[in-house]
Amino acid sequence: MSVINTVFGIPFGYLMYLLYQLSKNYGMAILLFTLVTKILMFPLSLISQKNAIIMAKIQPALDDIRRFHAGNNPLIMEEQKKLFKEEGYSTWKSLVPLLVQIPIILGLIHVIYHPLQHILRLDAATLDLLLNKTAQLLNTSREALGSGAELKIIEMVAENPALFQEMSGVEKILALDMQFLGADLSHIPSFSSLLILFPILSGASALLLAVCQNRHYVLQITQSAFRKWSISLFLVAFSFFFALILPAGVGLYWIAGNLLSVAVLFICNGIYDPKKLVPESYFQPKGKRSRKEKEEEKTREKAKKARQKEDRRRFMAIKGKQLVFYAENASYYRYFKGFIDYILKHSELVIHYVTSDPEDPVLRNDHPRLTGYYIGPVALISFMMRLDADMLVMTMPDLETYHIKRSIVRKDVEYVYLDHGMTSFHLMLKKGALDHFDTIFCYGPNHADEVRETERVYGLPRKKLVKTGYPLLDQMIEGAKALGPIQNDPKVIMIAPSWQKDNIMDFCLDDLIMPLLQTGYRMILRPHPEYVKRFPDKMERLKTRYEKHLGPYFDIQTEYQKTESVYSADLVITDWSSIAQEFSYATKKPALFINTPMKIMNPEYQKIPLVPLDISLRDEIGRSVDLEQLDTLPALIESLMNEGEAWCRRIEQVVSDNIYDVGRAAEGGGRYIIETLSKKKHVQKENDENQNALLELDNTWEAMRSQLSQEEAVMLLKQLEDFQKITKEQEDDHA
């Protein structure tokens, strides 16, 4: 208590003494104390308000960071710190006003419990005499009087002044009036006295403050109703309890403090008006769902959980699984389709297709050897760790880096990676994204070179590299051919950005689209599926923004299973998306690249001494344009469309140089899967036969041992040991 007295009590005691001398009223002194401390704290409140507005302004950017780098918490923290520094946001600026209130309230409590020391300014010797006298009269010790000892002295002197005759300070004590509006502020409230009004009013004032903050404080306006009211009710309960267990003077301070905080809130809003300083979109409701929609969502979630539980049970019950494919959502089936069709046609393999999309059409397919299972993203973590199969094929990189790990049930599962684009691994995948895969499907020479160079630079074990084509490209080429010669009138331009940070959607969409709306071309905006999934709020705002332009000359497309628009477009405009390669390779038409900040997933890509295709191809299959030259787009687009035949010949050569097995893309990968699993099945069969033979020899040995001579027993035992040795060598060779 001496520390609290020295650090908090003495400074605030002097302030209360001055205010008491000024007002000559104990309750008024507490109210003035509250007002003075609020005025002293106002600059901090103003700093906190400005800081909160900064947070509101950068909230969309923070959401983007979390979505762009989902699963990579260290990178998220790093990007957030960088953004905070750039925008001048500091967590401490918001916390300081709250932290400063702690010493203020501690100081005030000490002053209220020690009015003789702080308000009457009695010296220590006098206080000691009064304490001893009070303890003697109550037949107790000084220590037993506790923290309310000085309040007990005041009570005893007021009731029995004659008992304290001729003692110093008694006249001052008798003159001290601690009444305020008929209430003794030195007493602790109870349910049997009118002082209970102080806790009630304390809770009511806290409720008023909470309501005002929920409606007018910039960081609470957009919070959910549940969060708002859960915090509000906690503050009300805390305020009531706080004022109930301490002298009524503290309750008076708390009531006044809450009411003044309401005034401070509106004054700060007047100086730094959130409505003027924060984008209007921040305050727009996020779209409340009706009760019917909530019930429908619950029904869907229940059905998903039931489906997941049943599918997981079915999957785990199957023994001897050989081949598993995993897809993050329905749109990824197109990357597997060519390989799956080849395997089903050229083998008897059963394919177990695991998807995290409950609406994936594969779940409803009726092929007897293609079985679908729904496993949600969260359940997928434990599912993958318990995987029991010979081979897993997936397009998801970063195995072992984040939540998806290799199986702990079987160490010999072969993990196969195939990319969902014809991009460069060392630029478009994160560092170490392929380190824990056993086999990589390579669509072209660049993939093989990049993997081998990465292994050399970082001293990694060599992986199996499978030369195979890109089946989706074959599908797109066939789709383009099926449409025949296309003469669009008007010409069709497809804008298909990536979902990286600083993509066209976030960086320069208006500057790109608005001039082209005047050209008479028909434009299709096709956001990346990850962008649609991760930024639904942005997509809603985008649709609203361009709603008046939607029509025959402008459309926003999010149906990714349909690729007709890709084939039928006359030109694709993108930033760093691999869709440009897919479009140009399939249709032999040029692409137009907007030079937004480069998409770099691996900051160390330059350690690999190979120029990424994503950079080198930009001016081989089309043209690239800097942001400062967007006004030249109409003329450049017209030039690209007019030189169609020259671009066709040029792109055909690029495809021939960079992609394996065009026209039979799935053959290399499909054959590898069939042959590899056939060998594994043969090895397993041979091992089972050997184990059965060993078991039979063991049984024969046990049955005959008692009937054989010593020489015959030694001979048979040696044959058994030799067979075991041969079997072990065969297993090692296969492994």
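The values are calculated or read from the model by the stated rules, or taken from the named source; none is laboratory data. Since we're looking at a predicted model, the values are computed, not measured. Quick reminder, even Gly has a Cβ in these numbers, built from the backbone with ideal geometry, and neighbours come from all protein chains shown.
Any chance the range 243-258 includes a residue that's surrounded by fewer than 16 Cβ atoms within 10 Å (Cβ to Cβ) and under 21 Å from residue 189 (Cα atoms)?
We begin by selecting, within the range 243-258, every residue surrounded by fewer than 16 Cβ atoms within 10 Å (Cβ to Cβ); these are 245.
Pick out the ones that are also under 21 Å from residue 189 (Cα atoms) and you get 245.
Among the residues of the range 243-258, at least one is surrounded by fewer than 16 Cβ atoms within 10 Å (Cβ to Cβ) and under 21 Å from residue 189 (Cα atoms), which makes the answer yes.
Contact list please: Cβ distance under 9 Å, first residue in the range 391-404 and among the charged types (D, E, K, R), second residue buried (at least 20 other Cβ atoms within 10 Å of the Cβ), pairs at least six apart or on different chains.
Once the first residue is among the charged types (D, E, K, R) and sits in the range 391-404, its partners that are buried (at least 20 other Cβ atoms within 10 Å of the Cβ) give 398/404; 398/429; 398/433; 398/434.
Counting only residues that are under 23 Å from the mean Cα position of the chain (by Cα) and of a type outside the set (Val, Ile, Thr), give me the helices (runs of 4 or more DSSP H) lying completely in the range 363-460 with at least 3 of them.
Ranges flagged: 379-385.
Just the residues that are small (Gly, Ala, Ser) and either part of a loop (DSSP other than H, G, I, E, B) or within 18 Å of residue 254 (Cβ to Cβ) (or both), please, taken from the range 103-131.
Answer for the range 103-131, where residues must be small (Gly, Ala, Ser) and either part of a loop (DSSP other than H, G, I, E, B) or within 18 Å of residue 254 (Cβ to Cβ) (or both): just 107.
Check whether at least one residue in the range 215-235 is of a type in the set (Phe, Trp, Tyr) and more than 27 Å from the chain's Cα centre (by Cα), and report yes or no.
Of all residues in the range 215-235, those of a type in the set (Phe, Trp, Tyr) come to 217, 226, 229, 234.
Those still in the list that are more than 27 Å from the chain's Cα centre (by Cα) too: 234.
Scanning the range 215-235 turns up at least one residue that is of a type in the set (Phe, Trp, Tyr) and more than 27 Å from the chain's Cα centre (by Cα).
Can you name the residue in the range 617-648 that is polar (S, T, N, Q) and in contact with a helix residue (DSSP H, G or I) (Cβ under 9 Å, 6 or more places away or on another chain) and, of all such residues, is farthest from residue 421 (Cα to Cα)?
629
Considering the range 523-541 alone, what residues qualify as being surrounded by fewer than 19 Cβ atoms within 10 Å (Cβ to Cβ) and of a type in the set (Lys, Arg)?
Within the range 523-541, 533, 534, 541 qualify.
A quick yes/no check of all residues on (1) at negative phi; (2) in a loop (DSSP other than H, G, I, E, B); (3) among the hydroxyl-bearing types (Ser, Thr, Tyr); (4) not assigned by TED's automatic domain parsing to the domain that holds residue 115:
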residue: 133; (1), (2), (3), (4): yes, no, no, yes
residue: 140; (1), (2), (3), (4): yes, yes, yes, yes
residue: 145; (1), (2), (3), (4): yes, no, no, yes
residue: 150; (1), (2), (3), (4): yes, no, no, yes
residue: 156; (1), (2), (3), (4): yes, no, no, yes
residue: 167; (1), (2), (3), (4): yes, yes, no, yes
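Inside the range 241-346, counting only helices (runs of 4 or more DSSP H) that do not spill past its ends, which hold 3 or more residues that are within 30 Å of residue 681 (Cα to Cα) and charged (D, E, K, R)?
Once the helices (runs of 4 or more DSSP H) in the range 241-346 are filtered for at least 3 residues that are within 30 Å of residue 681 (Cα to Cα) and charged (D, E, K, R), what remains is 291-317, 333-346.
Which one is farthest from residue 156 (Cα to Cα), of the residues in the range 178-196 that are in a helix (DSSP H, G or I) and in contact with a helix residue (DSSP H, G or I) (Cβ under 9 Å, 6 or more places away or on another chain)?
So the residue we want is 196.
Considering only the range 594-613, I want to know if a residue exists there that is hydroxyl-bearing (Ser, Thr, Tyr) and either at pLDDT below 90 or farther than 30 Å from residue 75 by Cα (or both).
no
Rundown of residues vs (1) at pLDDT 85 or above; (2) over 17 Å from residue 246 (Cβ atoms); (3) surrounded by fewer than 20 Cβ atoms within 10 Å (Cβ to Cβ), yes/no style:
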site	(1), (2), (3)
156	yes, yes, yes
159	no, yes, yes
165	no, yes, yes
180	yes, no, yes
188	yes, no, yes
193	yes, no, yes
202	yes, no, no
207	yes, yes, yes
213	yes, yes, no
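Looking at (1) loosely packed, with under 12 Cβ neighbours inside 10 Å; (2) within 23 Å of residue 186 (Cβ to Cβ), which is the one condition that is false for residue 92?
If we test residue 92 against (1) loosely packed, with under 12 Cβ neighbours inside 10 Å; (2) within 23 Å of residue 186 (Cβ to Cβ), just (2) comes out false.
Has the range 517-524 got at least one residue that is in the same structural domain as residue 576 (by TED's automatic domain parsing), at pLDDT below 85 and closer than 30 Å to residue 357 by Cα?
No.
Test residue 128 against the stated conditions and say whether it is of a type outside the set (S, T, N, Q), over 53 Å from the mean Cα position of the chain (by Cα) and at pLDDT 85 or above.
In short, yes.
If a residue must be touching a residue at least 60 places away in the same chain (Cβ under 8 Å) and not hydrophobic (A, V, I, L, M, F, W, C), how many such residues does the range 171-187 contain?
The number of residues fulfilling the criteria is 5.
In the range 475-494, which residues are surrounded by 21 or more Cβ atoms within 10 Å (Cβ to Cβ) and either in contact with a Pro (Cβ under 9 Å, 6 or more places away or on another chain) or not assigned by TED's automatic domain parsing to the domain that holds residue 542 (or both)?
480
Identify, from the list 52, 124, the residue that is more than 30 Å from residue 401 (Cα to Cα) and in contact with a Pro (Cβ under 9 Å, 6 or more places away or on another chain). Steps first, answer last, please.
Working: 124 fails: in contact with a Pro (Cβ under 9 Å, 6 or more places away or on another chain).
Going through 52, 124 in turn, the sole match is 52.
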